[in-house]
Amino acid sequence: MSKGSSQPSTAPHAADRGAWKSKFGFILAASGSAIGLGNLVFFASNAYQYGGGAFYLPYFIALFVLGIPVMILEFSAGTLTGRSFPMALRRLVGKRGEYVGWWSLSGALFITTYYVTILGWAMCMMVGALGGLFEPGATAPFAPFSEPSAGPNATAYFFGLIATWWPLLAVVAVWAMTIWSLWRGAETIEKVVRVCVPLMWVFMIVMIVRGVTLPGGMDGVLYLFTPDIAGILDVGVWKGAFAQMFFSLSLGLGTMTAYASYLPKDADHVNNSMLVSFMNCGFEYLAGFAIFAMLFAFSLNPVGGTLSLSFFAIPQGIAAFPFWVKAFGFAFFLLVVLAGLTSAISLVEGMASALIDKLGISRMKALAMVAVPGLVGSVLTALPFIVDPGLGGNGTFGLNLLDILDHWAFGYSLLTVGFLECILLGWVLGASRLREAINRHSKFHLGGWFDVLIKFVLPALLLAVIVLNLAVDLSNAFAGAPYGATNPLGWADWLPVVVPLVWLFGTLVLAYVLTNRRAAVELEPAPLAFED
Ligand code: TRP
């Protein structure tokens, strides 16, 4: 860790960049990054949106073909160079790589803004669990509800909540906690994950047992697992599965490269990638079990595309507990918050460490450069103005903005970066060179198939999914129905058009500016760590 003080014009020496105390600490931190809202919130809503049984096969394939290999790439890039994403790519493949790195991190900034907002909402629900969330006619501690429900109603509570100003306070709190955790670097991250990660597992298992033992609960699990062959032919499902896999494994936004840059050179990344991926996806399926079971048991009809079955289904399931309802509810949202926090920390670390590596600035300054625009974005996506009265709380400015931003940033950033990574590392650097460097320290040796995967299979798959989806999105847009415009937004009708443009040009400009900034210290061109 840098001391947060002066580090004038020399790039931080490897020893100052910080390091994990142990391999176990790294695995926990990486899995803490991977396990987050993606597992608890987005997986369920994606699986639901894409029809359950049609989703898991593409998702399963994505794990082996896409997830694990790309994680190996991102881990190795960090450890081989001892640098964060943009500078790691620059060292490996030159300036083009740095562009891709910064474009990726610019995307990360957009995604982090609304990631924190959702976390803020979860935090409010956590407080609400002790207040009115599990009471009939839910009211306190947040704004009064116009139509109090007869029984506990998490959905009504949630939409009532996001139409208040309270989430803004929560968003500030989440940013504060994130920055505070990063202040002390890898050391604190390690401490946090040592407690949170095992706890999350225990609680998840309790939730599944509760879910599947509810009458009708098994139907939900079956829905998730009954293959739906027709659905698999829909390219949208594949995009959903690929994007979800990238997001869930924290790939495509430089996070894993930053974390792996704090490892000693002899790290076994084949092993590490498999461990982290299996832990993450195992957790995700368990969460899926619990959420779908409760969804079916309570015949809930989830409203809102991206949004979280977990915000409604799980609380509803908890409300039906015979005892300790409030305590369980509080604990569940606490775990969502902790899981999300360890992920938000990793997202911010990816960006901050890249700024430190490039500009040679102090950790404090780098964190501020990320946190200030990040907080502005989080506040925007948390704004409670009702733009669609027909939808009530579901029609707030913040939620609509979040949904549209998520569609573009989540749907395209990650996959595009994945595609470019494969091209750069597979072709420019050379997959076999990289593979040799990886194999030098791995027990399980990657075969020639790895080169084929990185050079041909992955780029082709990713490109196909990106292009086909873009075609759908653009044809909708030109037909006058851009994504997010299905409901009249009143004065915010410009959102569906402006948001994707701001995202696209914003990230391109940021990438251009950062790449062309003079580095505090020019990187020594050679030798690369794996050539000595
Ligand atoms: N993987 C995390 C989740 O599932 C989110 C996350 C953290 C992430 N770092 C990332 C997603 C980097 C993409 C890239 O919630």
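Summary of values
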item	result
FRET efficiency, Leu508 to Phe323 (Cβ-Cβ, R0 41 Å, nearest 0.05)	0.15
Extension gain (nm, one decimal) between Val127 and Ile205, 0.36 nm per residue minus Cα-Cα	25.8 nm
Listed residues Phe64, Ala170, Thr342: farthest to the positive end of the dipole of the chain (Cβ charges)	Thr342
Dimensionless Rg ratio for segment 370-512, taking C-alpha atoms and the 2.2 N^0.38 Å reference	1.39
Geometric extent, Cα atoms of segment 191-303 - Rg, Dmax (angstrom)	17.3, 52
Exceeding the 31 Å Cα-Cα cut-off - candidates Lys239/Lys358; Lys191/Lys265; Lys239/Lys455; Lys21/Lys365; Lys191/Lys443	Lys239/Lys358
Under-5 Å amide H pairs with Leu251, H placed in peptide plane, nonlocal only	none
Per-residue ³J(HN,Hα) for segment 119-131, Karplus 6.51 cos²θ - 1.76 cosθ + 1.60, θ = phi - 60°, Hz, x for Gly and Pro	4, x, 4, 4, 5, 5, 5, 4, 5, x, 4, 7, x
Stretchable slack from Arg518 to Arg440, in nm (0.36 nm times residue separation minus alpha-carbon distance)	24.7 nm
Approximate spin-label separation Leu501-Thr213, in nm, with each point projected 7 Å along Cα-to-Cβ	5.6
Ratio of the Cα radius of gyration of segment 257-385 to 2.2 N^0.38 Å, where N counts its residues	1.39
Packing rank of 443-454, 76-87, 414-425, where each peptide gets the mean count of other beta carbons within 10 Å, highest leading	76-87, 414-425, 443-454
Prolate/oblate/rounded call for segment 460-519, Cα gyration tensor, a/c under 1.5 rounded	oblate
Label-point separation in nm, Leu474 to Val376, each point 7 Å along Cα→Cβ	3.0
Debye log10 I(q)/I(0) for the chain, one point scatterer per Cα, at q = 0.06, 0.09, 0.10, 0.13 Å⁻¹	-0.26, -0.61, -0.76, -1.31
For Pro482, net neighbour charge (Lys/Arg +1, Asp/Glu -1) across residues whose Cβ lies under 15 Å away	-4
Ile386 long-range amide H proximity, modeled H, under 5 Å	Phe397
Rounded to 10°, Cα long-axis angle of helix 166-183 versus longest principal axis of the chain	30
³J(HN,Hα) computed for each position of segment 107-118 - Karplus, 6.51 cos²θ - 1.76 cosθ + 1.60, integer Hz, glycine/proline x	x, 4, 4, 4, 5, 4, 4, 7, 4, 5, 4, 4
FRET efficiency, Ile229 to Ala481 (Cβ-Cβ, R0 35 Å, nearest 0.05)	0.75
Ranked packing of 366-378, 283-295, most packed first, by mean Cβ within 10 Å	283-295, 366-378
The chain - mean residue ellipticity at 222 nm from DSSP helices (-39,500 (n - 2.57) per run, n ≥ 4, rounded to 500)	-21000 deg cm²/dmol
Karplus 3J(HN,Hα) series, Hz, for segment 439-455 with 6.51 cos²θ - 1.76 cosθ + 1.60 (x for Gly, Pro)	5, 4, 10, 10, 5, 8, 7, 6, x, x, 4, 4, 4, 4, 4, 6, 8
For the chain, with +1 on Lys and Arg beta carbons and -1 on Asp and Glu, the positive-most of Tyr50, Met256, Leu458 along the dipole	Met256
Local net charge near Phe246, Cβ-Cβ under 15 Å (Lys/Arg +1, Asp/Glu -1)	-3
Cα-centred dipole magnitude for the chain, charges only on beta-carbon of K, R (+1) and D, E (-1), debye, nearest 20	1280
Relative packing of 39-47, 325-333, which averages over residues the other C-beta atoms within 10 Å, highest first	39-47, 325-333
Point-to-point label distance, Leu463-Lys23, nm (Cα→Cβ direction, 7 Å offset)	3.8
Lys/Arg +1, Asp/Glu -1 at C-beta; the chain dipole; positive extreme among Gly211, Cys196, Ser310	Cys196
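No value in this document is a laboratory result; all are computed from the given coordinates. If you're wondering where the values come from, they're calculated on a predicted model, not measured in any experiment. Using ideal geometry, Cβ is built from the backbone for each residue, glycine included, and neighbour counts are taken over all protein chains shown.
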